[in-house]
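Okay, so here's the structure we're looking at.
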Amino acid sequence: MKNSDVKTKVLNTAAQLFYKQGYNATGINQIIEESSIAKASLYNHFKSKTELLYAHLETLNTRWFEQLNEYLEKFTAPEDKILAIFDFRIQRQVSQEFGGCPFIKASAEVPVDDARAFEIINRHKMNLRALILKLVQRIPQEQSILNHEELTDTIYLLMEGATVTVNFQKNPQMLQKAKAVVERLL
């Protein structure tokens, strides 16, 4: 097996385990066993479980935005793209059996002084906010009672809060409600 294949296999296995059972409950030996690789192969790519988490979050961030951007390509109006972000998140939550946002899940498990993990997570979230702002800025200001920054923050906070709620309610209702509120604001 090529080095890049081993690394990809480890990252994919870790992603599944971290999402399903949590970062803290997932051990290196389980990742090695479920990846069907040698321990040395894992440590050739990742110095520690923490380094593996960082690589996982970076990879997840890249894939998440690639999938989102591909999903949004079929829409042209900025309002439609904003509403489609809600649909994208609903579809992800349904397909992942309402397991929640993997970035929020990771933030709840890493030590409070893990600056690198929080930087990666924050960058992901702020890139989402920046995308929303970019779309909001394409909407004429007079269409909303809120300025662009306020509207962006309202959409972002509704989306994030609803995503957390669907995780423990195990249904998409709050994301659907948040989308309906945003549709009225647009």
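Of the candidates 70, 79, the single residue that is charged (D, E, K, R), within 30 Å of residue 141 (Cα to Cα) and without any contact (Cβ under 8 Å) to a residue 40 or more places away in the chain is 70. Checking each residue in region 65-110 for being among the polar types (S, T, N, Q), under 22 Å from residue 135 (Cβ atoms) and part of a helix (DSSP H, G or I) picks out 67, 69, 91, 93. Among the residues of region 14-35, not a single one is hydroxyl-bearing (Ser, Thr, Tyr), surrounded by fewer than 18 Cβ atoms within 10 Å (Cβ to Cβ), farther than 24 Å from residue 107 by Cβ and without any contact (Cβ under 8 Å) to a residue 60 or more places away in the chain. The single condition among (1) part of a helix (DSSP H, G or I); (2) more than 21 Å from residue 81 (Cβ to Cβ); (3) more than 17 Å from the chain's Cα centre (by Cα) that residue 150 does not meet is (2).
Could you tell me which residue of region 139-182 is surrounded by the most Cβ atoms within 10 Å (Cβ to Cβ), considering only residues that are of a type in the set (D, E, K, R) and under 23 Å from residue 127 (Cβ atoms)? If we take residues in region 139-182 being of a type in the set (D, E, K, R) and under 23 Å from residue 127 (Cβ atoms), then 179 is surrounded by the most Cβ atoms within 10 Å (Cβ to Cβ). Only a single item in (1) within 18 Å of residue 69 (Cβ to Cβ); (2) of a type in the set (D, E, K, R); (3) not in a helix (DSSP H, G or I) is not met by residue 113, and it is number (1).
Values quoted throughout were computed directly from the atomic coordinates according to the rules given, and no laboratory measurement underlies them. From a predicted model like this one, the values you see are computed outputs, not experimental measurements. Glycine gets a Cβ as well: all are built from the backbone with ideal geometry, and neighbour counts include every protein chain shown.
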